[in-house]
1. Exactly one of these conditions fails for CYS164: (1) without any contact (Cβ under 8 Å) to a residue 60 or more places away in the chain; (2) buried (at least 19 other Cβ atoms within 10 Å of the Cβ); (3) out of contact with any Gly (no Cβ under 6 Å at 6 or more places or on another chain). Give me its number.
2. Of the conditions (1) modelled with pLDDT of 95 or more; (2) under 16 Å from LEU132 (Cα atoms); (3) not assigned by TED's automatic domain parsing to the domain that holds GLY106, VAL418 satisfies every one except a single condition; which number is it?
3. Residues in region 376-390: is at least one in contact (Cβ under 8 Å) with a residue 12 or more places away in the chain, crowded, with 23+ Cβ neighbours inside 10 Å and within 17 Å of the chain's Cα centre (by Cα)?
4. Quick one: how many residues across region 146-179 are touching a helix residue (DSSP H, G or I) at 6+ places or on another chain (Cβ under 7 Å), in a strand (DSSP E or B) and either at pLDDT 90 or above or not assigned by TED's automatic domain parsing to the domain that holds LEU281 (or both)?
5. So, restricting to helices (runs of 4 or more DSSP H) that lie completely within region 53-145, which ones have at least 2 residues that are under 26 Å from PRO180 (Cα atoms) and touching a residue at least 60 places away in the same chain (Cβ under 8 Å)?
6. Are any residues in region 291-331 of a type in the set (Ser, Thr, Tyr) and in a loop (DSSP other than H, G, I, E, B), and if so, which ones?
7. Being touching a strand residue (DSSP E or B) at 6+ places or on another chain (Cβ under 7 Å) and in a helix (DSSP H, G or I) is the filter; apply it to region 348-363 and report the residue that is nearest to ILE389 (Cα to Cα).
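The values are calculated or read from the model by the stated rules, or taken from the named source; none is laboratory data. Remember, predicted model here, so these are calculated numbers, not experimental data. Glycine also receives a Cβ, built like all others from the backbone with ideal geometry; neighbour counts cover every protein chain displayed.
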Amino acid sequence: MAVITKKRLPRRTLLQGLGATLALPLLDAMVPAFSLRGRAAAAPVHRFLTFYVPNGMAMEYWLPKGEAGAFELSPILEPLAPFRNQMLVLSGLRASWNYIHAGASGSFLTGTTRGGRNEVEVIADVSMDQLLARRFARETQVASLELAMDGPANAGACTGILSCAYTHTLSWRSPTQPLPMENNPRAVFERLFGDSGSTDRTAREARLQQHKSILDSVTGKLARLRQDLGPQDHARVDEFAESIRDVERRIEKAEEQRDLDLPLIEQPQGVPAVFEDHLTLMLDLQLLAFQSDLTRVISFMISKEQSARPYPQIGVPEAHHPLSHHNDMPELVAHMSKINRYHTELLSTYLARLRATADGDGSLLDHMTILYGSGISNSNRHSGDNLPILLVGGGAGTWKGGRHLAYDNKPSMANLLVTLMDKLGVRVERLGGSTGKLEIDTLSGV
């Protein structure tokens, strides 16, 4: 029987020594005294990550053989074998907006069925990650992170005559407000920890006090300014004041987490020249953000749609996007599959780190839902049918892995988004062009 005392340890208590930093498992002393008999009161935090891969897939190398629990991993999925029991392969889903590359990433999290008609008309729907961010912002300092390996370009035309906004981001705060994806590790670090130079507690506290002083000054001046304004200007000032209140909320949350012990990490200097070095930094920051509960929602693009990045390090010198239009030539399809497999190898390495990171009575991976995939299936035809989609993680116990679900009625990707929102505890009636929920709790999947 657990002994409950009035003494409480911070939930993120770490042991430091011998050159290592280890996170303690969930202890009775980390649970508030006399709260629902200890451990049962500490419900796991459920986190959400989107891991987007562009330019479609070599589908003959992707699709597994067999359904339900008796499926064989395909060549592209083989690197994920250690996580088979926490993996759900979904086949048969169709893109909500099937319009070459713009529709692929533009509808992946929004479920939108349409976009603009030219490069200056930008319209979609609020994305799933931002709906989650609105709810989880009450609990974390950072509502969400929008990250990518490519630089942002939310202006100009990229796909036909449509805006680059559709191919350079997954996240939409409103139907007309796409969010830029950040690719600079230094900027990501500053958003999480400020420009204090490191995660050292003393540096973080000094920066926090500076922010409070600045905010107090701005708030006072804003109150005096309102006295001299007319009714129309009051609306503009109120909108600005709302952003100030959001900063106040973040500072309050930071003060609540003042005693949080973090691994000591120095502020990155910028974007590394080598792809793998850059990716490692971006994933390090994601893991740290989840581990320290600074955010519970991250959207990540390993490349944008139409990316021309070559992969000579794996024997693929061809640029990714041109290679994806392989005209069904076996040699080129095989090269395309090597890129697709390399991406799952990188994912597998990251999953191993999530599994090795303690979180409460389990691991970070146990308490995450990761949506992995692309908004295009057969890249040669820009096909929006039978999308390559995975769910990975423990889902905080809300869904069961180890299965391949094949849908024969071509449900919309938007229906999956509504279902995931439900699993994450944020229920919505519809999202984009959804027509209902997608059943993922039965073995048949239909």
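1. Unmet for CYS164, out of (1) without any contact (Cβ under 8 Å) to a residue 60 or more places away in the chain; (2) buried (at least 19 other Cβ atoms within 10 Å of the Cβ); (3) out of contact with any Gly (no Cβ under 6 Å at 6 or more places or on another chain): (3).
2. So VAL418 meets the others, but not (3).
3. No, the conditions are met nowhere in region 376-390.
4. Qualifying residue count, region 146-179: 5.
5. Output list reads 100-106, 128-136.
6. The answer is SER292, THR295, SER303, SER307.
7. Across region 348-363, the extreme among qualifying residues is LEU351.
Yes or no, residue by residue, for (1) at pLDDT 95 or above; (2) touching a strand residue (DSSP E or B) at 6+ places or on another chain (Cβ under 6 Å); (3) within 26 Å of ARG381 (Cβ to Cβ):
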| residue | (1), (2), (3) |
| --- | --- |
| ILE100 | no, yes, yes |
| SER107 | yes, no, yes |
| THR110 | yes, yes, yes |
| LEU132 | yes, yes, no |
